[in-house]
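See structure below.
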Amino acid sequence: MIAIASTPREIDACYPVMSQLRPKIRREDFVQRVEQLAAATGLALAYLEDGGIKAVAGYRISDWLAGGRYLEIEDLVTADGDRSKGYGGRLFDWIVELAAREGCGQVRLVSNIRRVDAHRFYLRKGMVQEAYYFSMSL
């Protein structure tokens with residue numbers, strides 16, 4: 001089953017999986033942070049459950065002047081011990097279908113340059129690397 005975490009309890013239930021990708025986020029801050037981002041930016045958490053939560057994705061729908069409407073995947077993680085079982089792929093495919101239903105012209109994501117296994121997954125799913133992402137810490 002794939003669903004969108006819409007209650008504090010559902011959001012909190014996503015934390016153990018999400019924390020494997022985002023270990024700096026403390027559990028006591030997680031629900032409030034997700035709710036704040038949902039209100040401010042439209043962030044949503046989708047999760048795949050199969051006898052427990054197996055994969056979680058944070059995403060939002062946005063619009064760029066040059067690129068039009070798109071869905072951005074901010075986080076996509078499968079639980080340790082459940083990787084390579086198809087859970088991440090099923091959740092990714094669900095997100096792509098959601099983007100199409102929502103009138104998005106593209107699905108985008110930013111992935112840390114060191115996440116080589118994730119890059120292979122995204123390429124197998126049909127994504128292309130089309131830009132470099134630059135940042136500057138302040």
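What follows is calculated from the coordinates using simple rules that are stated; it is not laboratory data. Fair warning: this is a prediction, and the values are worked out from it, not measured in the lab. So basically every Cβ, Gly included, is an ideal-geometry build from the backbone, and we count neighbours across all protein chains shown.
Of note:
- Options [x] 14.7, 43; [y] 14.7, 46; [z] 16.4, 59 - which one matches Rg and Dmax of the Cα atoms in Å as calculated here: [x]
- Distance between the 7 Å Cα→Cβ label points at R101 and R115: 2.4 nm.
- Residues in region 75-115 that a label on D50 would reach, taking backbone N under 14 Å of a point 7 Å out along Cα→Cβ: 78-94
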